[in-house]
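What follows is one structure encoded as structure tokens, with my remarks underneath.
The values are calculated or read from the model by the stated rules, or taken from the named source; none is laboratory data. All values derive from a computational prediction rather than experimental measurement. Glycine also receives a Cβ, built like all others from the backbone with ideal geometry; neighbour counts cover every protein chain displayed. The protein model used for the area step is the full one, side chains on, heavy atoms only, and it has no ligands, DNA or RNA in it. Shrake-Rupley method; radii C 1.70, N 1.55, O 1.52, S 1.80 Å.
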Amino acid sequence: MKVNNKHFRTIYFDKGKVHMIEQNALPFEFSWFTSKSYKDTCMAIKTMIIRGAGAIGAAAGYAMAQAAHEAPSADYNQYLVTARHDIEATRPTAQNLFYATEKVFNEALKGRAQAIAEARRLADENAKEGKRIGEYGNTIVKNGMRIETHCNAGWLAFVDYGSALAPVYLAWDSGKAVFVYVDETRPRSQGGRLTAWELHNHGVPHAILPDNAGAALMSQGKIDMVIVGADRIAANGDVANKIGTLEKAIAAKYYNLPFYVAAPCSTIDPNTKTGRDIVIEKRDASEVMKQCGTDDKGNKHTIHVNHPASGCVNPAFDVTPATLITGIITDKGIIDASESALSNLLVSK
Ligand code: MRU
């Protein structure tokens, strides 16, 4: 992805350090966070300096590589086991975190250099998968389409390209007129802050929608298709994604609109049978009760936005049943959200 005409990856590894875009500072400031240890990288995942399924996966792989890099020779294996446990405890829902941690852990048991090479390979694979998702997804994007998306499943949520936004970028770059309705995605506003910033940088026409406006626009014939990302896809095709996705899927079904999920094969979890078995992360109430941003002069503020004495519930994800999903755009092609299609895809990997 280009920012001011310069190409960047969301995250990269160099001499034991992990460099990642500070996503909490966007869209007000484009800055980088450097993690010097696996524990630092765990903190960055927990606090959402880096977030989005694919980017979390890359960060987790690099964190495991950092652990191998740091581990004392006398205590090498035990250090890796503890680090793996710490990394896996950062965020529970994104499948890519567990996928990458396991792969790099297994290589780390062979040696430090193998761990680093594997983490780099996974990050490269992540960027290539995004591009392939974009190519397959572009085949279903028609000239003039108005596409709704939820949360941020773009370049920032991966190493490059993204998942749900990759078809949009490739369609736009191939000369198709597209317009994106960006759900704001409270409480952390990944849509209004991150997706909107990405689309603006890429020059794609878009508008931010309050979270409760999608169904109204669908009812008025203003939306042609919905594409969202995924944090985990269960073996039967149920999809966990950012809270609010389920409501869009229900509304799309009601208005007979195509509802696509875009994700790489690494987000499919064959060991989780259905969406009911997916662990849904519960996040802190402060995300709902307060908002941070800047005033017109660029000064940062955190303010209360709700009645401070009330309690709140803050589930980070919901599960969309496979029956509401038109298709899954993967890096290997577009498939049905069904157990047989998913298992065939994994076998063909
Ligand atoms: O809590 P986040 O910001 O890490 O949530 C992940 C997401 O960005 C979304 O759920 C997204 O749509 C899928 S991740 C590519």
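When 193, 232, 276 are checked against the criterion of being surrounded by fewer than 18 Cβ atoms within 10 Å (Cβ to Cβ) and at pLDDT 95 or above, a single residue qualifies: 276. For segment 310-325, which positions are out of contact with any strand residue (DSSP E or B) (no Cβ under 9 Å at 6 or more places or on another chain) and open to solvent by less than 90 Å² (accessible area, probe 1.4 Å)? If the condition is that a residue be out of contact with any strand residue (DSSP E or B) (no Cβ under 9 Å at 6 or more places or on another chain) and open to solvent by less than 90 Å² (accessible area, probe 1.4 Å), then 310, 311, 312 are the ones that fit.
Each row is one residue, and each column tells you yes or no for (1) touching a strand residue (DSSP E or B) at 6+ places or on another chain (Cβ under 8 Å); (2) away from the ligand (no atom under 12 Å from the Cβ); (3) open to solvent by 20 Å² or more (accessible area, probe 1.4 Å).
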| site | (1), (2), (3) |
| --- | --- |
| 207 | yes, yes, yes |
| 216 | no, yes, yes |
| 240 | yes, no, no |
| 243 | yes, no, yes |
| 250 | no, yes, yes |
| 257 | yes, yes, yes |
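Of the residues screened, residue 328 is one that is surrounded by 15 or more Cβ atoms within 10 Å (Cβ to Cβ), assigned to a strand (DSSP E or B), of a type outside the set (Lys, Arg) and modelled with pLDDT of 95 or more. Applying a threshold of 6 Å to beta carbon distances and a minimum spacing of six or more residues, or different chains, the list of pairs starting in segment 136-154 at a residue that is at pLDDT 95 or above and ending at one that is surrounded by fewer than 24 Cβ atoms within 10 Å (Cβ to Cβ) and of a type in the set (Phe, Trp, Tyr) reads 146/179; 148/181.
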